1. List the strands (runs of 3 or more DSSP E) inside segment 160-271, counting only whole elements, that have at least 2 residues being among the polar types (S, T, N, Q).
2. Kindly establish whether GLY146 is within 23 Å of ALA201 (Cα to Cα) and within 16 Å of the ligand (Cβ to nearest atom).
3. Does SER82 satisfy being of a type in the set (S, T, N, Q), at pLDDT 95 or above and closer than 24 Å to PRO239 by Cβ?
4. Which condition breaks for PHE103 when tested against (1) at pLDDT 95 or above; (2) assigned to a helix (DSSP H, G or I)?
5. Answer with yes or no whether VAL140 is more than 16 Å from THR63 (Cα to Cα), part of a loop (DSSP other than H, G, I, E, B) and either charged (D, E, K, R) or over 10 Å from the mean Cα position of the chain (by Cα) (or both).
6. Identify, please: which residue in segment 157-193 is away from the ligand (no atom under 15 Å from the Cβ) and among the aliphatic types (A, V, I, L, M) and is, among those, surrounded by the most Cβ atoms within 10 Å (Cβ to Cβ)?
7. Name the residue, out of ILE51, ILE55, that is within 14 Å of LYS206 (Cβ to Cβ), more than 10 Å from the ligand (Cβ to nearest atom) and either at pLDDT 95 or above or surrounded by fewer than 17 Cβ atoms within 10 Å (Cβ to Cβ) (or both).
Amino acid sequence: MLAEALLFAATRLTSPRSRTSAVRDAVGLWARAGRCRAAWAEHEARTRAAIDRVIDGVAVRRTAVVLGSGLLRDVPIDRLSSMFNKVVLVDIVHLPTVRLKTFLRRYPNVSFMTRDISGYDRLVEQSRIKLATGQDDLGVRLDPLGFLRKIDELDLVISANVLSQIAVGAVSRLHSKDGQARVMPDNAVAQLVAGHLDGLAQLPCKTVIVTDVSYVRRRRDGVVVENRDLLHGIIPPPPFDAWDWPVAPFGEEEVDEERIHKVIAAEDVAVDL
Ligand SMILES: C[S@@+](CC[C@H](N)C(=O)[O-])C[C@H]1O[C@@H](n2cnc3c(N)ncnc32)[C@H](O)[C@@H]1O
């Protein structure tokens with residue numbers, strides 16, 4: 001608890017503009033990843049292997065971007081740094097421990113970009129205009145990944161276990177006081193999930209997405225007590241690999257229940273939305 005409090009304070013100091021809830025979530029992820037190290041090891045290794053496979057298919061390796069770089073646990077950062085001229089790590093909040101790790105490991109070509117990639121604020125804006133004008137279709141895309149067009153010589157974009165978290169973050173913002181829920185459409189979260197996939201599909205470079213798509217909560221006797229779609233009805237691209245990730249093994253959330261997520265890896269994201 002003390003380590004978490006210190007990390008929270010240090011992150012607030014180094015990222016003063018990040019939302020408190022995002023900092024809290026990042027510290028929570030750090031703490032849980034430590035507790036669940038063994039249970040998460042296979043998921044992290046398979047994510048890195050999926051990304052490695054895609055890196056091998058990139059002929060020209062100038063700039064790579066990692067969306068949701070987080071703790072760099074499931075990202076093959078050594079390989080990315082040694083094989084690409086530049087690597088840009090994008091996340092809503094970067095923990096100082098991660099910044100320190102990249103500093104100590106001396107990755108001269110790795111940089112950090114702090115950014116909310118959900119498109120939430122843009123959707124609020126678009127929804128307000130629709131309400132004010134009575135127009136149903138503004139004829140513009142949400143374009144949450146449009147900022148990537150400003151990055152030179154982009155050859156690879158990796159979406160690293162961030163998509164379901166965009167949805168989780170959006171649900172919690174919709175329930176918060178300043179979430180503007182009253183102007184947002186009923187399918188706001190589905191629009192944001194679709195916007196991320198559409199954003200990847202629009203990119204003129206190689207793309208790979210690893211994301212959990214659903215989960216089951218199961219009792220020790222094997223009975224499933226909950227089953228949830230994490231993509232809010234949006235169909236993910238066809239995967240080249242899929243596996244289970246015990247996000248909450250027995251005892252993490254409930255003594256007698258585990259939460260197992262289904263994860264997929266897909267490349268060259270091109271979806272018909
Ligand atoms: C499950 S973690 C990904 C793990 C990470 N790839 C790793 O190797 O440790 C999800 C990450 O997505 C980030 N995230 C969640 N919502 C985001 C958003 N709206 N914009 C940018 N990053 C976001 C979180 O801060 C977190 O680092």
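The values are calculated or read from the model by the stated rules, or taken from the named source; none is laboratory data. Not measured: the values here are computed from a predicted model. Cβ placement follows ideal geometry from the backbone for every residue including glycine, while neighbour counts extend to all protein chains displayed.
1. Details: elements: 206-219, 224-229, 241-248, 257-267.
The qualifying strands (runs of 3 or more DSSP E) are 206-219.
2. The answer is yes for GLY146.
3. So SER82 does not fit the description; no.
4. With (1) at pLDDT 95 or above; (2) assigned to a helix (DSSP H, G or I) applied to PHE103, the lone miss is (1).
5. Criteria met by VAL140.
6. Here is the first cut: in segment 157-193, the ones away from the ligand (no atom under 15 Å from the Cβ) are 175, 177-178, 180-187, 190.
Among the residues that remain, those that are also among the aliphatic types (A, V, I, L, M) are: 181, 183-184, 190.
Values: ALA181: 13, VAL183: 17, MET184: 21, ALA190: 16.
Only one residue fits best here, namely MET184.
7. Step by step, each of ILE51, ILE55 is checked, and only ILE55 is within 14 Å of LYS206 (Cβ to Cβ), more than 10 Å from the ligand (Cβ to nearest atom) and either at pLDDT 95 or above or surrounded by fewer than 17 Cβ atoms within 10 Å (Cβ to Cβ) (or both).
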